[in-house]
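Peer 1: Just dropping this structure here.
Bear in mind these aren't lab numbers, they're just calculated from the coordinates by the rules spelled out. Only a predicted model underlies this, so the values are computations on that prediction, with no experimental measurement involved. Cβ coordinates were reconstructed from backbone atoms using ideal geometry, including for glycine residues, and neighbour counts include every protein chain displayed.
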Amino acid sequence: MSPIEIGIIGIVVMLLLFLLGMPVAFAMGFVGFIGFAYLADPGPALSLLAQDIFNEFSSYPLSVIPMFILMGTFAFASGISQRLYYTSYTWLGWLRGGLTIATVLACAGFAAICGSTSATAATMGKIALPEMKKYDYDITLATGTIASAGTLGILIPPSTVLIVYGILVEESIGKLFIAGILPGLLLSLAFVVTVALLCWRNPRLAPPGPSTTWSQKLRSTTGIIEAVILFLLAIGGLFLGWFSPTQAGAIGAGGALIIGLGRKQLNWKKFFDAGKDGLRTACMVLFIITGAVIFGHFMAITTIPFKLAEWIGGLPIHPLAVMGVLIFIYFLGGFFMDSMALIVVTIPIFFPIVKELHFDTIWFGVIIVLVAEMGVITPPVGVNVFVIKGIAPEVPLENIFRGIFPFLAALIIVTIILVFVPQIATYLPSLVK
Amino acid sequence: MGFLEKFNRFNRRISSWFEWVGLMGLLLMMFITCIDVIGAKLFLKPVLGAIDIVMLSQAVAISFVAASALLLGRHVHVEFFVVLLPKRVRAVVDSVVLIFGLGFFILIVWRLAILGSYFRSGAEVSASARIPLFPFAYGVAAASIPVCLIFIHDLINAILRVVKK
Amino acid sequence: QSAHAKGKVIKLKFANYFPPPSGQSKIAQEFCNEVEKRTKGRVKIQYLAGGSLLKAPAIYNGIETGIADIGYAHVEYTPGRFPVTSASELPLAYPSGWVGSQVVNDFYNEFKPKEWDKVKLLWMNSSNPSLIISKKPVRKLEDLKGLTIRAPGMLGNTIKALGATPAPTPMMEVYDAIAKGVIDGVNTPFETLKTFRFAEVVGYTTASWQVGNIYTFFVAMNKNSYRKLPQDIKEIFNEVCGEYKERYALMWNVIDFYGKQFAKKKGVEIIELSPQEVVRWKKATEPVIENYVNNMVAKGYSEAEVRGWLKFLQDRIQYWTKKQIYLGIKSPTGPPEMRP
Ligand code: NA
Ligand code: NA
């Protein structure tokens, strides 16, 4: 059999193992190892396995992931995220669907300190779902909103997906973060409009909340001052060139810790629990990356990526159509695969085409994030939907999936806007030298 | 209490101990980076070997929490398909997947131990702080042992589900 | 009987961590093509650049265990593994990469350190002398105080002796790290100002070749893969290796010019050390050499032996410096006679 055929069999077996419930990280590593052993020799494959694991686990560029995840879990444990939500609620609760709009905005706010969609969804789900239930908000709307708005976590900086993308294509992570700001705001706006339209069409979905006085509004706002400072320090520090991404994450985590201690929100137990929670999430992400690296080494010696890239690159169609094909491939892939794993596996394959066609690296990163956001909420594999299901076990899965469809439409519209107006992504980074 | 239950409790306890080791690694990453940044920005006194320490602490952090993350089902996996299968078929599928996972992690334990010996015989050290690398490769190997134990437990469990009337 | 029967195509893999557009990668690709051409297609080398098969720290191990058949890296990616060869990375004032390359090959051939016994060493080469490439101007020794400079392993010792703090930042992160002020500079040759685009983020380069230390690179092959080559192929292969040993030395020299030109275009100020400063810098780095001797003695080598290596290196540097001047090969570093 030719290396290409072996490679195709490898991909099919990997998808099969995914389907049969093997954790995606292990399935990629396992198939990658077996494939490499078959195409090269078992001895080298075994050595490469050990090298890959040790090198990825001790990779300095990857250390940014555990640091930002830790910042997110400390921010949650320190009550920073709850206060962000409370402030949004105080300002917007009186609106029809105001609580849902507040949730979208709170997600956007939390997204500004947390780089992961599932962490954003989990955090906001824990805070917002009980509140929405209390006020008789429609549960399909509520869960769908949080699952979808949680995806803002990877578009509004910091973003684990953009970090991984930046490492894979050797692009400045700082610039990628800045590129995510305007599209992130646009998408937040699109989600707000979606909620408003839904509630306007069917008022029973979301009864208005109590009105608050100006002094209540202002008092609640003082509660998020330290969150704003933390954001300015970590992201501003990145923006102004004080820190590397890893350092920004560590300073952010340290800052959240100090806020928690200062407000007496953290005791030893909460502190350790938050640390462990972050550690487990970081472990999951780094295992996926390592699995993808092992699988990638197998793919590299099958020559498939190069052939596939040649094929798509040689399609006799307009570059924008090629981009359309690429986006569609990601969209389909997102049905079945975790967005992060999908990106790690495919970017090295598709990135040369993107370069070849002279698309902007940073713009493409933002597009990839938008498509990845669709992937985490679309059935059958929608990680965010599972996270919400974990928080609200009484809501049937199909209801949550039904709830996300209007938001999926909003995501698609924003993606199309970005394809035709790339400046939304590229303008801000162009200001940074 | 049956053997399987005892085995499970043992796995939980050892995973939880290992998780504490991992947590210390993660916190060390954060603290050393903060000290390095503050030292370098405010006092012109960076920490020699800060990057080495972050890298090696990360290897400890990630490998030592792997067992606990597995027990808690934190590794992303696809569920929708297997839940559609009849119980017996599902037990067979689980057994096969668990055998692959177990085999994979046995290889990891074995080869990281070998990598550790290779680092030791070659006297390889980290690039600035000159910390020997071999204990960390041995550490990743050791941290993968409870993962194997968890797979063995789940495998026995799955096989029992296959043969059960 | 050889495993490769006559007429059958021998397939090899060459792993390189340098990104595809760099000079160090292009020449490796040429080498692969040349071997294929000269063996009339009987040897085909799949070239895997940019770390797509092995990242830099994994390359040596990858060659030894056969993940790659051939690989290219420098010895500081595996600190501690090549203690004898590291002698060549002391601040011995290499004037150019061409001289350095000749010297490190002579050193290997003279002493055949047993640390290389597990691979077939094809040839060695050295980077150009490392300079202080920094955001702030470094005109005198005191200017290095409080700066963090990227310099892994043996080169870090020199940086420490000069008064700065060494850091082993991964090469791909250095650009961003300098831009963000995470580190203040990097201890690498002129060439990197272009290859890694450092000229966009630094303001100064102190051409301190007088304490210039080098990174010692190697092109090595898996023992088994080499042993399995049929005799006639081996002869052709050795011949191509011999030619590329010299071509690599010249390649380093040429790309250093590109780096310096690019730096000037980007407005980087090139600082030449004054004679008084050269004396002070040399004095400051003397302990690095003494420390190395002491460490090796502690490891069980005799002092006479270690000093013998150093004497040999210094003699060969002198010899090849004269030779380069005689041959009229120009370099952007080194004594005036070597400059264009
Ligand atoms: Na974010
Ligand atoms: Na999906």
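Peer 1: Please report the spacing between the Cα centers of segment A:419-433 and segment A:6-32 in Å, no decimals.
Peer 2: 37 Å
Peer 1: Considering segment B:1-40, what Rg and Dmax in Å follow from its alpha-carbon atoms?
Peer 2: For segment B:1-40, the Cα radius of gyration and maximum Cα-Cα distance read 17.4, 57 Å.
Peer 1: Can you compute the modelled spin-label distance between B:Ala129 and A:Asp41, with each label point 7 Å from Cα toward Cβ, in nm?
Peer 2: In this crude spin-label approximation the distance works out to 3.8 nm.
Peer 1: If you take the beta carbon distance between B:Leu84 and A:Leu332 as r and set R0 to 30 Å, what does 1/(1 + (r/R0)^6) give as a FRET efficiency, to the nearest 0.05?
Peer 2: Plugging the Cβ-Cβ distance into 1/(1 + (r/R0)^6) gives 0.90.
Peer 1: Note down the magnitude of the dipole of the protein assembly as shown about its Cα centre, charges +1 on Lys and Arg C-beta and -1 on Asp and Glu C-beta and zero elsewhere, to the nearest 20 debye.
Peer 2: For this selection, approximately 800 debye.
Peer 1: Which value, in debye to the nearest 20, describes the size of the charge dipole of chain C about its Cα centre when Lys and Arg Cβ atoms bear +1, Asp and Glu Cβ atoms bear -1, and nothing else is charged?
Peer 2: 760 debye
Peer 1: Rounded, prolate or oblate: pick one for segment C:6-51, where a ≥ b ≥ c are the square roots of the eigenvalues of its C-alpha gyration tensor, a/c under 1.5 means rounded, and failing that, prolate if a/b is larger than b/c, else oblate.
Peer 2: Taking the square roots of the gyration eigenvalues as a ≥ b ≥ c, segment C:6-51 is oblate.
Peer 1: Under 1.5 on a/c is rounded, so check that first for segment A:160-277, then, if it is not, pick prolate when a/b is larger than b/c and oblate when it is not; a ≥ b ≥ c are the square roots of the alpha carbon gyration tensor eigenvalues.
Peer 2: Judged from the Cα gyration tensor, segment A:160-277 comes out oblate (a/c at least 1.5, b/c at or above a/b).
Peer 1: Per-residue mean of other chain beta-carbon atoms within 10 angstrom of the beta-carbon, peptide C:172-181?
Peer 2: What the average comes to for C:172-181 is 6.
Peer 1: Step through the residues of segment C:242-258 one at a time and calculate ³J(HN,Hα) from phi using the Karplus curve (6.51 cos²θ - 1.76 cosθ + 1.60, θ = phi - 60°), rounding each to whole Hz and writing x for Gly and Pro.
Peer 2: x, 5, 6, 4, 6, 5, 4, 4, 5, 4, 4, 4, 5, 5, 5, 5, 4
Peer 1: Report the extension gain between C:Asn33 and C:Lys264 in nm, rounded to one decimal, defined as 0.36 nm multiplied by the number of residues separating them, less their alpha carbon distance.
Peer 2: That pair, C:Asn33 and C:Lys264, stretches by 79.7 nm at full extension.
Peer 1: Could you state the angle between the C-alpha long axis of helix C:303-327 and the longest principal axis of the C-alpha atoms of chain C, as a value from 0 to 90 degrees rounded to the nearest 10?
Peer 2: The answer is roughly 90 degrees.
Peer 1: Let me ask something else. A:Ile416 versus C:Glu115, label points 7 Å from Cα toward the beta carbon: distance in nm?
Peer 2: 6.3 nm
Peer 1: Under a point spin-label approximation (7 Å from Cα along Cα-to-Cβ), what is the C:Val297-C:Lys282 distance to one decimal in nm?
Peer 2: 2.3 nm
Peer 1: To continue, here is another question. Using the Kyte-Doolittle scale, find the helices of chain A whose mean hydropathy is at least 1.6 and whose Cα atoms extend 30 Å or more along the helix's long axis, counting only whole DSSP H runs.
Peer 2: Qualifying helices: A:173-201, A:397-420.
Peer 1: Per residue of A:36-45, count partner chain C-beta atoms within 10 Å of its C-beta, then hand back the mean as an integer.
Peer 2: 3
Peer 1: Please determine, in degrees from 0 to 90 and to the nearest 10, the orientation of helix B:134-163 with respect to the longest principal axis defined by the Cα atoms of chain B, where the helix direction is its Cα long axis.
Peer 2: So the inclination is approximately 10 degrees.
Peer 1: If you don't mind, there's one more thing I want to ask. Go through segment C:283-327 and name the trypsin sites (Lys or Arg not before Pro) that are in a DSSP coil and have 15 or fewer other Cβ atoms within 10 Å of their Cβ.
Peer 2: Counting only loop positions with at most 15 other Cβ atoms within 10 Å, the trypsin sites (Lys or Arg not before Pro) in segment C:283-327 are C:Lys299.
Peer 1: Also, I was wondering about something else. Need one word for the protein assembly as shown: rounded, prolate or oblate. Basis is the Cα gyration tensor (sqrt eigenvalues a ≥ b ≥ c); a/c below 1.5 gives rounded, then a/b vs b/c decides.
Peer 2: Since a/c reaches 1.5 and a/b is larger than b/c, the shape of the protein assembly as shown is classed as prolate.
Peer 1: Quickly estimate the mean residue ellipticity at 222 nm for the protein assembly as shown, helices only: each DSSP H run with n ≥ 4 gives -39500 (n - 2.57), and the total goes over all residues, rounded to 500.
Peer 2: After summing the helix terms and dividing by the residues of the protein assembly as shown, the value is -22000 deg cm²/dmol.
Peer 1: With r defined as the distance between the Cβ atoms of B:Val96 and A:Val12 and R0 fixed at 25 Å, what FRET efficiency is calculated, to the nearest 0.05?
Peer 2: According to the calculation, E is roughly 0.95.
Peer 1: Filter the chymotrypsin sites (Phe, Trp or Tyr not before Pro) in segment C:292-328 down to the DSSP loop ones having no more than 13 other Cβ atoms within 10 Å, then list what survives.
Peer 2: Loop-located and lightly packed - none at all.
Peer 1: Something else: By the scheme Lys and Arg +1, Asp and Glu -1, what is the net charge of all other residues having a beta-carbon under 12 Å from that of B:Ala91?
Peer 2: Surrounding charge for B:Ala91 is +3.
Peer 1: Where does helix B:50-71 land angle-wise versus the long Cα axis of chain B, in degrees 0 to 90, nearest 10?
Peer 2: 10 degrees
Peer 1: Sorting check: for C:109-119, A:356-366, C:212-222, which peptide has the highest mean count of neighbouring beta carbons within 10 Å, and how do the rest follow?
Peer 2: Listed from highest to lowest mean packing, they are C:212-222, A:356-366, C:109-119.
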